[in-house]
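The structure under discussion appears below in the form of structure tokens.
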Amino acid sequence: MARTRLGGILLALLSVAGLLAGCDSEFQGVRLRIAAGSPSGVYHKLSVSLAGSWQTQLGIDRPEVLETSGSPENLRKLCAGEADIAFSAADVAARPTTGVRHPRALARIYDDYLHVVVRGDGPIQDLAGLRGMRVAIGSPESGVAFIANRLLAISGLAVPGALTTRDLGLTDAIAAFKRGEVDAFFWSGGLPTLAITDLASVVPLRLLDLTDDMPAMRNQYPVYNTASIPVTTYNLAGGPVTTLAVPNFLLVTDAMTDDVAEALVRGLFDSHEILIAASRAALSIDIHSAIETDPLPLHPGAARYFRDRKP
């Protein structure tokens, strides 16, 4: 009987200790939602890992990871107050926003590389070769479709009748490509993108070189950089491919407090190894390049974190 009573007392003390520990959290009551993209994408993989890390680090309820179509929807949810944190490509984030909330960057995290994928044994050799073809340009409200439409407009392929476009995300685009229902598809993602690696193992592929298209693209949209996809990335025939790269940002709004924003950035870097395990894209997360968020300003809380980390 005494042993039972003692056990009950110990359980009660542990419960009280747990409650007190929860009350000690500086961020008690903070609830976070992360606009994270599709479950197969890098945004989502990093969001799931960050949600667990931030829960532990800040002593808060586990942040909710929201499935979305990509950067445009993420930014819309963020500025509408339907999300507190969002991943977005810099080109989408750079667009003017309306409303009382405005996006602010916590960090630049990694770059996405545009892939224009065609069959390696087919006739399409360059972007102009897409004329008259069936092309998957990404799902609606995705960053892929955002870039694809810009590039097609720059190259004169956005005029009616130039080609047949289909609004397909990566998984559906690859399935349609395998069935011969599309001749090419666009994708913007980190290197390597596992789904394209897997596709290259069963279908001969070629990535279109955009050397001739990049000057006009960068002249109109300076947010893009010229980059190279090494031949070893997908073990494709031929040499390296010139394409465009776009930075990805981790965003909040100016409504977030400085203390929470600073804690989120600290948690991002404290979780670096965990994030790398979730996605190799996280290898590019670096404290020196993280502050390069132009044209978006850093959130003051993030700026404080980076300032305090200077030697």
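At a glance:
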item: Exposed trypsin sites (Lys or Arg not before Pro) absent: longest stretch of the chain, with sites in DSSP loops and at most 11 other Cβ within 10 Å deemed exposed; result: 32-178
item: Computed E for residue 270/residue 149 - FRET, C-beta separation, R0 41 angstrom, nearest 0.05; result: 0.60
item: Qualifying lysines (Cα of each under 29 Å from Cα of residue 77; at least 8 residues distant if same chain); result: 45
item: R0 of 22 Å, Cβ-Cβ distance residue 292-residue 259: FRET efficiency to nearest 0.05; result: 0.40
item: Degrees, to the nearest 10: 2-23 long Cα axis against longest axis of the chain; result: 50 degrees
item: Aspartates and glutamates with Cα under 19 Å of residue 178, excluding same-chain neighbours fewer than 8 positions away; result: 121, 167, 198
item: Probe 1.4 Å, protein heavy atoms only - accessible area per residue of the chain in square angstrom; result: 47 Å²
item: Counting DSSP beta bridges with both ends in the chain, the antiparallel % (nearest 5); result: 70 percent
item: Computed magnitude of the charge dipole of the stretch 155-276 (debye, nearest 20; Cβ of K, R +1, Cβ of D, E -1); result: 540 debye
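The values are calculated or read from the model by the stated rules, or taken from the named source; none is laboratory data. These numbers were taken from a predicted model, which means no experiment stands behind them. So basically every Cβ, Gly included, is an ideal-geometry build from the backbone, and we count neighbours across all protein chains shown. These area figures cover heavy atoms from the full protein model, side chains too; ligands, DNA and RNA do not enter into them. Shrake-Rupley method; radii C 1.70, N 1.55, O 1.52, S 1.80 Å.
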